[in-house]
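Report on the structure given below.
Read-outs: derived from the displayed coordinates by stated rules, not from any lab. Owing to the predicted nature of the structure, the values given are computational and were not obtained by experimental measurement. Cβ placement follows ideal geometry from the backbone for every residue including glycine, while neighbour counts extend to all protein chains displayed.
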Amino acid sequence: MPPEAILHYDFRPVTEKDLPMIAGWLAEPHVAEWWDDPEKEIADIREHIDSISVEPLIIELDGRPIGYLQSYDPHLEDGHPYSDQPFGTLGIDLSIGRPELVGRGHGSAIVRQFAEQLFEEGAPRVIIDPDPANARAIRAYEKAGFRAIDRRQSEYGDVVLMAIDAEEGQ
């Protein structure tokens, strides 16, 4: 994606019909490297469809599904490892499912746009937790304005906890 290009992404709720497509994305090598077992992940996403703590979304570009994003509230789950973040903080996870779109600036543009939407809705902070070995993701999140605030070991594995605050994102 050329640096001057400003794209707009749409985010729509995941439906049961999307699960086979997401399963296909989870099988792509660039996604499978960073996510757990696809069957477990699909079962979790299916549960999240009606969840109050996690919102599973399809990322669309020009009306075409290109990836999966979920936002979550760490304060709505007992014992969540990120519940020490300021009240109102929301976490996000994403994967660009289509391999031909990886490494073209979409990741940073998506997280930047989605974080702005969350700030407009009142979130004071947005966090994301890439694996320390996922240098491409970390660079993309830094490009979007996120900064590393901690390194943690939790049920999610070894992560770099990154954050952007509303006043930084404005």
Checklist outcome for this item: Within the stretch 86-137, the residues that are touching a strand residue (DSSP E or B) at 6+ places or on another chain (Cβ under 6 Å), in contact (Cβ under 8 Å) with a residue 60 or more places away in the chain and of a type in the set (Lys, Arg) are Arg98
Item to check | Test: Ser108 is touching a helix residue (DSSP H, G or I) at 6+ places or on another chain (Cβ under 6 Å), within 23 Å of Pro29 (Cβ to Cβ) and small (Gly, Ala, Ser) | outcome: yes
Checklist outcome for this item: Of the residues in the stretch 124-170, those that are part of a loop (DSSP other than H, G, I, E, B), of a type in the set (A, V, I, L, M) and surrounded by 17 or more Cβ atoms within 10 Å (Cβ to Cβ) come to Ala144
Checklist entry - For the stretch 142-170, which residues satisfy the criterion of being within 21 Å of Asp36 (Cα to Cα) and not polar (S, T, N, Q)? => result Arg151, Arg152, Glu155, Tyr156, Gly157, Asp158, Val159, Val160, Leu161, Met162
Checklist entry - In this structure, is Gly24 of a type in the set (Gly, Ala, Ser), in contact with a His (Cβ under 9 Å, 6 or more places away or on another chain), more than 22 Å from Gln153 (Cβ to Cβ) and touching a residue at least 40 places away in the same chain (Cβ under 8 Å)? => result no
Checklist entry - Of all residues in the stretch 138-162, which are touching a residue at least 40 places away in the same chain (Cβ under 8 Å) and of a type in the set (A, V, I, L, M, F, W, C)? => result Leu161
Checklist outcome for this item: Exactly one of Asp62, Asp44, Asp131, Asp93 is in contact with a Gly (Cβ under 7 Å, 6 or more places away or on another chain) and closer than 24 Å to Ala23 by Cα, and that residue is Asp131
Checklist entry - Taking the condition in contact (Cβ under 8 Å) with a residue 12 or more places away in the chain, exposed (fewer than 14 other Cβ atoms within 10 Å of the Cβ), under 23 Å from Ile45 (Cα atoms) and of a type in the set (A, V, I, L, M), does Leu76 pass? => result yes
